[in-house]
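> I'd like to ask you about the structure that follows.
The values are calculated or read from the model by the stated rules, or taken from the named source; none is laboratory data. Treat the numbers as computed from the prediction; the structure is a model and nothing was measured. Cβ atoms come from the backbone with ideal geometry, glycine included; neighbour counts cover every protein chain shown. Ligands, DNA and RNA are excluded from the accessible area calculation, which covers all protein heavy atoms including side chains. Shrake-Rupley method; radii C 1.70, N 1.55, O 1.52, S 1.80 Å.
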Amino acid sequence: QVQLVESGGGLVQAGGSLRLSCAASGRTFSTYGMGWFRQAPGKEREFVAAISWSGSTYYADSVKGRFTISRDNVKNMVYLQMNSLKPEDTAVYYCAAANSGSYYYADRYAYWGQGTQVTVSS
């Protein structure tokens with residue numbers, strides 16, 4: 001069982017930066033792949049970024065070069081550094097944990113956090 005709690009969301013102007021954090025409970029955290037998804041009003045939840053248990057990273061094309069995912073297996077934390085934010089990045093951002101499989105698909109993730117709101121003003 002893994003419990004996830006996101007933090008770090010907020011209101012930022014376009015071009016600004018935010019760092020999201022995800023605190024995970026559970027002794028087996030280091031064995032999970034971790035992902036960030038987001039959901040804007042009226043839209044489906046979409047993949048943002050993921051990091052495997054070994055540190056390989058994956059990004060959606062829309063955020064590549066602007067966002068960076070990282071993890072700290074000692075602190076049981078996952079981070080999403082978001083730079084050069086755009087109004088279209090506005091969404092609720094969710095942290096999730098996956099046992100295995102393709103990290104791009106939400107149905108591969110067994111555990112989800114409650115989400116944190118990110119709002120980018122133009």
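> Among 107-119, 51-63, how do they line up from the highest to the lowest mean number of other beta-carbon atoms within 10 Å?
Numbers: 107-119: 16.7, 51-63: 14.5.
Going from most to least packed, we get 107-119, 51-63.
> Which three extents, in angstrom, do the Cα atoms of the chain have along their principal axes, listed largest first?
41, 26, 25
> While we're looking at this one, here's another question. Using amide H atoms built in the peptide plane, which far-off residues or other-chain residues are under 5 Å from Thr90 H to H?
For Thr90, whose amide H was placed from the backbone, the distant partners under 5 Å are Val120.
> Right, another one. Can you give the charge dipole size of the chain about its Cα centre, rounded to the nearest 20 debye, using +1 on the beta carbon of Lys and Arg and -1 on the beta carbon of Asp and Glu? The partial results should precede the final answer.
On the way: 11 positive and 8 negative charges, 42 e Å.
Computed about the Cα centre, the dipole is about 200 debye.
> Going by amide H atoms built from the backbone, whose H comes under 5 Å of the H on Tyr111, apart from near neighbours?
Distant-sequence amide H within range of Tyr111: Ala97.
> Pop out the carbon and sulfur fraction of the accessible area of the chain as a percent, whole number, probe 1.4 Å. Working shown, then result.
Numbers: 2950 of 6270 Å².
Taking all protein chains in place, the chain shows 47 percent carbon and sulfur surface.
> So what are the three principal axis dimensions of the stretch 67-122 from its Cα atoms, in whole Å, longest to shortest?
On the principal axes, the stretch 67-122 reaches 38, 26, 20 Å in Cα extent.
> Related question: Given Cβ point charges of +1 (Lys, Arg) and -1 (Asp, Glu) and nothing else, what value in debye, to the nearest 20, does the dipole of the stretch 62-122 about its Cα centre take? Show your work: numbers first, answer last.
On the way: 6 positive and 4 negative charges, 32 e Å.
The dipole magnitude comes to about 160 debye.
> Keeping every protein chain present and rolling a 1.4 Å probe, give me the accessible area per residue for the chain in Å².
On the way: 6270 Å² over 122 residues.
In whole numbers, the chain has 51 Å² accessible per residue.
> Rolling a 1.4 angstrom probe over the protein chains, ignoring ligands and nucleic acids, what is the accessible area of Leu11 in square angstrom, nearest 10?
Its heavy atoms expose roughly 130 Å² to the probe.
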